[in-house]
Amino acid sequence: MVKIIGRELPNMPWEDVPAGCTDVMWRHSGNPIMGWNETHSCARVYNSAVIPYKGGFKGIFRADHKDGIPRLHVGSSLDGLKWEIEDKVIEWRDEQGREYNPGYAYDPRLVELDAKYYIVWCTDFGGPTLGLGVTEDFEHFTRLENVFIPFNRNGVLFPRKINGKYMMLSRPSDSGHTPFGDIFISESPDLTYWGRHRRVMTSGDTWWQGKKIGAGAVPIETSEGWLLFYHGVNGTCNGFVYSIGAALLDLDNPAKVLYRTRDYLMTPQMPYEVSGFVPNVTFPCATLQDAATGRIAVYYGAADTCLGVAYTDVDRLVKYMKDNSYLLATDDEEFR
Ligand code: BMA
């Protein structure tokens, strides 16, 4: 049995695999769990991150406002499915106490690390790059140093130090819609200075992830390696299609890919995934998981319009990955 290494979370959202479903991941029957006009200022809530907090759940939500600009909001939930989103935008202060409000902020990831909650998001820094901030109570938010210079997106922090270093996955990009992109890893002694960059995974070969890839949710520590949900992008004549895949990274050296899904786990298929503000997008940003049962709930943005949940269990998924893995030549050691 493959085990999740971490806490038990008996109150996380869950539904058993539907009768007759042969897929490794299946959608929540009540999808989407949120979308248009959740609050007065939030036009659409989608690519967002959630975490267990004091017996319930907190989230950092990407909401595009009616001026079209994406911003970050706090949300709370008792069951991980019904959420109260705050209408006011997160107000950052830097470490000197000065106010900081990025021109735009999107695609947050959220991780508990050293008993604090860290947020990585795509921020305005004269071009998109990774912002980093921390909170202890989801009321006061401290902005830390930006992680990288532009252009970079899809920053995901590991939930613990590895060999004494903080580790972050990221996806160097361009200033626009980026028709390329691989997943890299960088390490830091202090969350300020980042280096020893390695390329972890490349796009290419299998069509669903042939254009670019990007880390999705915070990696889940398992007995077999770090389980990473990521997005893979295909370029069609009508634009990009964002699907969801998974990889298993070495526990001590997560620059090393052990297994990687040859086929996508999920691709835009449901009406709320294939139609919306940006059609054909499934974009994972967070998971909840229960170490006792191996249950995993994946939170993903759909069509840049709404938020969905999908389920899998770790034993079933890792077995599937081992049987259906497809490593690219460029995932090999010499390129790291
Ligand atoms: C990416 C990001 C995501 C978005 C996706 C599809 O570049 O901007 O926020 O979901 O494009 O539009």
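A few notes on this one:
- Atom-type composition of the exposed protein surface of region 239-318 places 50 percent of the accessible area on carbon and sulfur (1.4 angstrom probe).
- Top of 225, 59, 68 by mean-square fluctuation, Gaussian network on the chain, Cα under 10 Å: 68
- A cut-off under 13 angstrom between Cβ atoms defines the neighbours of residue 127, and their net charge, with Lys, Arg +1 and Asp, Glu -1, is -1.
- Solvent-accessible surface of the chain, averaged per residue with a 1.4 angstrom probe and all protein chains in place: 41 square angstrom.
- In terms of distances greater than 19 angstrom between alpha carbons, the cross-link table entries 58/116; 3/319; 58/161; 54/88; 54/116 yield 58/161; 54/88.
- Segment residue 293-residue 180, length gained on full extension (0.36 nm per residue, minus Cα span): 36.9 nm
- For region 54-120 versus region 274-332, the gap between their alpha-carbon centres in whole angstrom: 22 Å
- Residue order for 65, 197, 40 - accessible surface, 1.4 angstrom probe, largest first: 40, 197, 65
- Fraction of accessible area attributable to carbon and sulfur, region 79-199 (%, probe 1.4 Å): 48 percent
- Each of 58, 3 has its accessible area taken with a 1.4 Å probe; listed largest first, they run 3, 58.
- Entry note, the chain: relative contact order of 19 percent, from Cα contacts under 8 Å with a spacing of 6+ residues.
- Per residue, the convex hull spanned by the Cα atoms of the chain measures out at 128 cubic angstrom.
- Helical mean residue ellipticity (222 nm; -39500 (n - 2.57) per DSSP H run of 4+; nearest 500) of the chain: -1000 deg cm²/dmol
The values are calculated or read from the model by the stated rules, or taken from the named source; none is laboratory data. Because the structure is a prediction, the values reported are computed rather than measured. A quick note on method: Cβ atoms are made from the backbone with ideal geometry, for glycine too, and the neighbour counts reach across all protein chains shown. Areas reflect the complete protein model, heavy atoms only, side chains present, ligands, DNA and RNA absent. Shrake-Rupley method; radii C 1.70, N 1.55, O 1.52, S 1.80 Å.
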